[in-house]
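Visitor: One structure follows; several queries about it will come next.
The values are calculated or read from the model by the stated rules, or taken from the named source; none is laboratory data. Everything numeric here is computed off the predicted structure, so don't read it as measured data. Glycine also receives a Cβ, built like all others from the backbone with ideal geometry; neighbour counts cover every protein chain displayed. Note: areas computed on protein heavy atoms with side chains; ligands, DNA, RNA excluded. Shrake-Rupley method; radii C 1.70, N 1.55, O 1.52, S 1.80 Å.
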Amino acid sequence: MEKRIALLPGDGIGREVVPQAVKVLKALERYGLRCLFTEAPIGGAGVDAADDPLPPATLDLAKASDAVLLGAVGAPKYEHLPRSKRPGLGLLKLRKALDLYANLRPAKLFPELIGASPLKAERVEGLDLIIVRELTGDIYFGEPRGISGEEGTREGVNTMRYTEREIRRVAHFAFRLARGRRKKVLSIDKANVLETMVLWRQIVTETGKSYPEIALSHQYVDAAAMELIRGPRDLDVVVTGNMFGDILSDEAAMLTGSLGMLPSASLGDDEPGLYEPVHGSAPDIAGQDKANPIAAILSAALMLDHGFGRPDLSSRVEQAVRRVLAANLRTADIAEPGTRIVGCDEMGSAIAAAI
């Protein structure tokens with residue numbers, strides 16, 4: 001099996017964690033996987049290289065690849081730039097250009113890290129849920145938007161907007177995903193105050209009728225945020241809009257011990273998938289070999305499963321991660337008494353060796 005992978009390390013710790021995922025993928029060559037890697041800039045690196053957070057050459061590479069493995073975008077030195085040059089816009093444009101409308105963010109607690117979770121063991125033991133976040137609509141893309149007016153009377157506007165098609169396709173995605181799991185879908189909205197979310201609930205309910213074997217429930221986002229802390233083990237597949245999914249998935253990440261443990265996959269119907277850790281560029285630790293590469297490595301595992309149809313190889317990666325954690329190697333964010341703290345590079349090498 002030969003696959004072309006576009007590597008977009010981006011900014012900050014993205015440049016440290018992506019090479020660790022590459023190590024792991026190369027270690028799988030003995031099992032018949034051959035990856036051809038091509039690197040390109042995005043985010044702040046794109047601005048530096050081509051004055052564009054998503055250079056045209058980067059987009060062309062992504063479209064011509066079988067999958068895209070991304071690190072992170074953003075750094076303080078770019079915050080003064082106009083919106084069109086902000087690093088984060090490069091990622092938004094890439095998702096939109098590839099029509100990657102479904103973002104999978106699994107929150108799974110490895111037994112070896114149960115002590116690293118901020119919640120009591122009895123609340124998180126066995127945690128295994130997936131948040132399906134709609135990724136190309138909602139307030140991040142809605143028009144009109146902007147800041148207008150004179151000083152003293154300025155007004156900021158963003159528009160929450162969803163079409164029936166956008167809601168229905170991500171709902172189908174969530175229901176199909178639930179078929180292979182515990183057959184439960186929780187749809188999260190704010191239908192008590194937002195007309196956009198009234199439509200969301202209507203369309204998800206209609207779509208659910210095509211999946212009679214799946215138990216569908218609905219919850220307002222504020223109650224769902226509480227439920228993620230009170231009873232996260234009861235959740236299976238969670239589907240929600242772009243903004244709510246952005247917030248809730250970061251909350252869910254902490255249940256696993258660290259934001260550095262949460263991978264993601266952004267998928268569409270035809271274009272190559274985009275696989276990236278959720279953690280961001282973390283400029284405060286960038287370049288210090290302190291980053292946790294496990295989220296990037298598990299993102300590569302999602303690529304093997306959802307992108308390449310090799311769940312066997314994905315499972316090998318996950319088991320390698322567990323073996324290294326069982327050997328008490330930890331990056332600082334998931335360290336516990338009695339464990340040995342290692343850097344990003346050593347953690348990546350240990351997982352690759354465990355393959």
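Visitor: Return the ratio Rg/(2.2 N^0.38 Å) for the chain, where Rg is computed over Cα atoms only.
Guide: Numbers: Rg = 20.0 Å, N = 355, 2.2 N^0.38 = 20.5 Å.
Ratio of Cα Rg to 2.2 N^0.38 Å: 0.97.
Visitor: Okay, next question. Over the chain, average the accessible area per residue using a 1.4 Å probe and give it in Å², no decimals. Present the calculation step by step, with values, prior to reporting the outcome.
Guide: Values: 14930 Å² over 355 residues.
Dividing the accessible area of the chain by its residue count gives 42 Å².
Visitor: Of the accessible area of the chain, with the probe set at 1.4 angstrom, what percent is carbon plus sulfur? Present the calculation step by step, with values, prior to reporting the outcome.
Guide: Numbers: 7590 of 14930 Å².
About 51 percent, which is the carbon plus sulfur part of the accessible surface.
Visitor: Mind checking the full-extension length gain between ASN158 and ALA332? Use 0.36 nm per residue of separation minus the Cα-Cα distance, one decimal, nm.
Guide: Values: separation 174, 0.36 × 174 = 62.64 nm, distance 3.80 nm.
Contour length minus the Cα-Cα distance gives 58.8 nm.
Visitor: Taking a 1.4 Å probe, which of ARG233, ARG105 shows the most accessible area, and what order do the others take after it? Could you put the intermediate results ahead of the total?
Guide: Details: ARG233 105, ARG105 15 Å².
Output order, biggest surface exposure first: ARG233, ARG105.
Visitor: Roughly how big is the stretch 55-190's charge dipole about its Cα centre, with Cβ charges of +1 (Lys, Arg) and -1 (Asp, Glu), in debye to the nearest 20?
Guide: Value, rounded to 20: 480 debye.
Visitor: Follow-up question, since we're still on this one. Using the Karplus equation 6.51 cos²θ - 1.76 cosθ + 1.60 (θ = phi - 60°), what ³J(HN,Hα) coupling, rounded to whole Hz, does each residue of the stretch 60-77 give in order, writing x for Gly and Pro?
Guide: Coupling constants for the stretch 60-77: 4, 4, 4, 5, 8, 9, 7, 6, 10, 10, 10, x, 6, 10, x, 6, x, 5 Hz.
Visitor: Let me ask something additional. Let me spell out the model: positive unit charges on the Cβ of Lys and Arg, negative unit charges on the Cβ of Asp and Glu, origin at the Cα centre of the chain. What dipole size does that give, in debye rounded to 20?
Guide: Values: 44 positive and 48 negative charges, 187 e Å.
That gives the chain a dipole magnitude of about 900 debye.
Visitor: Name the residue farthest towards the positive end of the dipole of the chain from the options ALA178, ASN292, PRO272, assuming +1 on Cβ of Lys and Arg, -1 on Cβ of Asp and Glu, about the Cα centre.
Guide: Most positive-ward Cα: ALA178.
Visitor: Let me ask something else about it. Net charge near LEU28: determine it from the other residues with C-beta under 14 Å of the C-beta of LEU28, scoring Lys and Arg +1 and Asp and Glu -1.
Guide: On the way: positive: LYS3, LYS23, LYS26, ARG30, ARG34, ARG310, ARG316; negative: GLU2, GLU29, ASP305, ASP312, GLU318.
So the environment of LEU28 carries a net charge of +2.
Visitor: What is the local net charge at PRO232, summed over the other residues whose Cβ is closer than 12 Å to its Cβ (Lys, Arg +1; Asp, Glu -1)?
Guide: On the way: positive: LYS108, LYS120, ARG123, ARG230, ARG233; negative: GLU122, GLU125, ASP128, GLU227, ASP234, ASP236, GLU251.
Here the charged neighbours net out to -2.
Visitor: When only DSSP loop residues count, what GluC sites (Glu not before Pro) in the stretch 33-140 have their Cβ near at most 13 other Cβ atoms within 10 Å?
Guide: Values: sites: GLU39, GLU79, GLU112, GLU122, GLU125, GLU134; in loops: GLU79, GLU125.
The qualifying sites are GLU79, GLU125.
Visitor: Let me ask another. Of ALA67, ALA191, ALA107, which has the largest mean-square fluctuation in a 10 Å C-alpha GNM of the chain?
Guide: Maximum fluctuation in the GNM of the chain, among the listed residues, is at ALA191.
Visitor: Could you order the peptides 237-245, 198-206, 150-158, 285-293 from most to least packed, using the average number of other C-beta atoms within 10 Å per residue?
Guide: 237-245, 285-293, 198-206, 150-158
Visitor: Now a separate question. Pick out which of ALA171, ALA121, ALA301 has the largest mean-square fluctuation in a Gaussian network model of the chain, springs linking Cα atoms closer than 10 Å.
Guide: The residue that fluctuates most here is ALA121.
Visitor: Another question, then. Considering amide H positions built from the backbone, and no H for Pro or chain starts, which residues 5 or more places from ARG86, or on another chain, come under 5 Å of its amide H?
Guide: none
Visitor: List the residues, sorted by chain then number, that are 5 or more residues from HIS218 or on another chain and whose placed amide H is less than 5 Å from its amide H.
Guide: Under 5 Å from the amide H of HIS218 lie the amide H atoms of SER187, each far enough along the sequence or on another chain.
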